[in-house]
Number of protein chains: 2
Amino acid sequence: MGTTTPIVDTETRQRLLNVAAELFAEQGFNNVTVREICQVAGANVAAVNYHFRDKLGLYREVVEMVADALNRAKVEVIEAAEPLPPEERLRAYIRLTLHGMLDPKEESWMDKLMAREMMDPTPALDLIIEKGIKPTGERMGRMVAELLGTSPDDPRVMPCFLSVQGQCLFYHMSKPVAARMGPPGFHYTPEMIDGIAHHIAEFSLAGIRALAAQEPPADAVPPCLKRKPDGEAGSPPRHSGRNRLKQKIAGEGEVS
Amino acid sequence: MGTTTPIVDTETRQRLLNVAAELFAEQGFNNVTVREICQVAGANVAAVNYHFRDKLGLYREVVEMVADALNRAKVEVIEAAEPLPPEERLRAYIRLTLHGMLDPKEESWMDKLMAREMMDPTPALDLIIEKGIKPTGERMGRMVAELLGTSPDDPRVMPCFLSVQGQCLFYHMSKPVAARMGPPGFHYTPEMIDGIAHHIAEFSLAGIRALAAQEPPADAVPPCLKRKPDGEAGSPPRHSGRNRLKQKIAGEGEVS
DNA sequence: GGACGATTTATACAGGTGTTTGAATCATTT
DNA sequence: AAATGATTCAAACACCTGTATAAATCGTCC
């Protein structure tokens, strides 16, 4: 009777979103069960289907939520570093990205979701590209272009962006391995993360400077990786033939 | 009867290993079903349990098989490039790695398995570390050390290795995204892969040279990533507390 | 106070999962 | 030819998965 609202203080819907964000980012869409999400969120099994129609519907809303959060954080950092030289802006950007992926206090789920979506695409990949990869790519493209002293359309820009992003992501991916190879209770401290960020920044700045010095070899860049000339995507490019997903995820014709 | 052996020319066991290697590398341990493997291999559902006791047993043998294959290939390339300067050896190494991950003709499954194991560790992670990550790390550690003009124990070596490996891996991971953003029938041609390898090599060589020029900041490297002083692992380091695996994979106390 | 829509709940369903089982088949040896 | 051990097979098991359903509960407005 007069019990003080046992577990609930937030709306169920929001609790589901928060819990699902963490679980999806940490374990991937396929490796998280609806039951697990609901149990952690203190909700009934049917809650997901009631509030989001699908497991995939929940996933989509999670993506939109964490994408907005991350983009807000990135814009904030970039604007704060606006007056600084581009080198310093790149350093700040790398530090932010790395802390979001390695520091358990930061809890930036979007980068982890993007990494997982790259390895095992779900029907939400297009959404991830639109909300996460494209904005990040454009931001970093401008920065790299400035460092190269060229325009964002220069074919050398995209590979440099990928090199920086790849280094950051790899440190996130190696976390389980580092945990196995390090002492038993290992975890990254903020100081260690700063050290790694420093390494990546200096390593990358040197690489970018070297590429800035030389003329770009004509076709070193796959044309597909160059910015497409379209202004804004009306409809995303349709799936390339076969969908490499199992039926587990498929089963949806089109979205409303 | 003189029938010409309908589908079978290799032993079932070997066919299962080959099929499983490709499927596990392409889709990950959890996203491949025993039924799928057996169907593609033209074997009965019970074949996996008969020949390998477990799905995990099959996975373990796959790992050992593809690890040997990759290590053979790497040793071969390294020895062929032995007389060349270390810069050229690094270029050859990057080219080999990248082709193995991006060229569908090459079919080097080990790197893909390693990548998946980093994102979603299975009980075979220790095996992967021992057979794949450690040998690769040592080989590249020696190369990077030579380029830095220092010893493999220098704290600057490991981050450089991770930077190079991270760039290579990221191009593999971005494949689905590149396919979505490029033209419909997109795939990497050997020439494009060579171009990417060239970029990574020049980018990384510049980064390494920059780090070679300056004194290393004392504690830029997490101590866990430095080579452990033990000579040879008698028994691999025991699991660090909780196993972050679902029951799906767990359910095994110890191995015989 | 009663009615009504929104939410939560317990339960069930259909399909997929890894694994087991006992009989059938094959190859080889005696 | 008979026997024996290894391999294959179809069927079934127990469990987990996402989803659906219908009743129960809650909050709110007439």
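The values are calculated or read from the model by the stated rules, or taken from the named source; none is laboratory data. Just so you know, these numbers come straight off a predicted model, no measurement behind them. Quick reminder, even Gly has a Cβ in these numbers, built from the backbone with ideal geometry, and neighbours come from all protein chains shown.
Laid out as a table, the results:
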item	result
Failed item in (1) within 18 Å of A:GLY166 (Cα to Cα); (2) basic (Lys, Arg); (3) more than 10 Å from chain A (Cβ to nearest Cβ), with B:ARG139 passing the rest	(1)
Segment B:45-57, residues that are more than 8 Å from DNA strand C (Cβ to nearest atom) and either farther than 27 Å from B:GLY132 by Cα or among the hydrophobic types (A, V, I, L, M, F, W, C) (or both)	B:ALA47, B:PHE52
Helices (runs of 4 or more DSSP H) fully within segment B:1-57 counting 1 or more residues that are charged (D, E, K, R) and at pLDDT 95 or above	B:12-27, B:34-41
Residue count, segment A:80-101 (criterion: over 23 Å from A:HIS187 (Cβ atoms) and hydroxyl-bearing (Ser, Thr, Tyr))	1
The listed residue being more than 7 Å from chain A (Cβ to nearest Cβ), outside any helix (DSSP H, G or I) and touching a residue at least 24 places away in the same chain (Cβ under 8 Å), out of B:HIS187, B:HIS172	B:HIS187
Selected residue (only one of B:ARG116, B:ARG89 is more than 16 Å from DNA strand D (Cβ to nearest atom), under 25 Å from A:ASN31 (Cβ atoms) and part of a helix (DSSP H, G or I))	B:ARG116
Filter result (away from chain A (no Cβ under 14 Å) and either away from DNA strand D (no atom under 13 Å from the Cβ) or crowded, with 19+ Cβ neighbours inside 10 Å (or both)) within segment B:5-28	B:ARG15, B:LEU16, B:LEU17, B:ASN18, B:VAL19, B:ALA20, B:ALA21
Filter result (within 14 Å of another protein chain (Cβ to nearest Cβ), in contact (Cβ under 8 Å) with a residue 40 or more places away in the chain and either surrounded by 21 or more Cβ atoms within 10 Å (Cβ to Cβ) or touching a Leu at 6+ places or on another chain (Cβ under 8 Å) (or both)) within segment B:95-118	B:THR97, B:LEU98, B:MET101, B:LEU102, B:ASP111, B:LYS112, B:LEU113, B:ALA115, B:ARG116
Some residue of segment A:195-204 being over 30 Å from B:LYS131 (Cβ atoms) and more than 7 Å from chain B (Cβ to nearest Cβ)	yes
Boolean, A:LEU84 is free of Cβ contacts under 8 Å to residues at least 40 places away in the same chain, away from chain B (no Cβ under 14 Å) and under 30 Å from A:GLY195 (Cα atoms)	yes
From B:ASN31, B:ASN44, residue being buried (at least 20 other Cβ atoms within 10 Å of the Cβ) and either within 15 Å of DNA strand D (Cβ to nearest atom) or within 14 Å of chain A (Cβ to nearest Cβ) (or both)	B:ASN31
Tally of residues being in a loop (DSSP other than H, G, I, E, B) and hydroxyl-bearing (Ser, Thr, Tyr) across segment A:119-164	3
Looking only at segment A:75-97, and only at residues there that are within 13 Å of A:MET143 (Cα to Cα) and either small (Gly, Ala, Ser) or within 14 Å of the chain's Cα centre (by Cα) (or both), the one that is modelled with the lowest pLDDT	A:ALA81
Residue selected from segment B:35-44 under the condition under 17 Å from B:GLU11 (Cα atoms) and without any contact (Cβ under 8 Å) to a residue 12 or more places away in the chain, by the criterion nearest to DNA strand C (Cβ to nearest atom)	B:ASN44
Residue check, B:PRO216 at pLDDT below 95, more than 7 Å from every other protein chain (Cβ to nearest Cβ) and not in a helix (DSSP H, G or I)	yes
Positions within segment B:67-86 being of a type outside the set (A, V, I, L, M) and surrounded by fewer than 16 Cβ atoms within 10 Å (Cβ to Cβ), in sequence order	B:ASP68, B:ARG72, B:GLU76, B:GLU79, B:GLU82, B:PRO83, B:PRO85
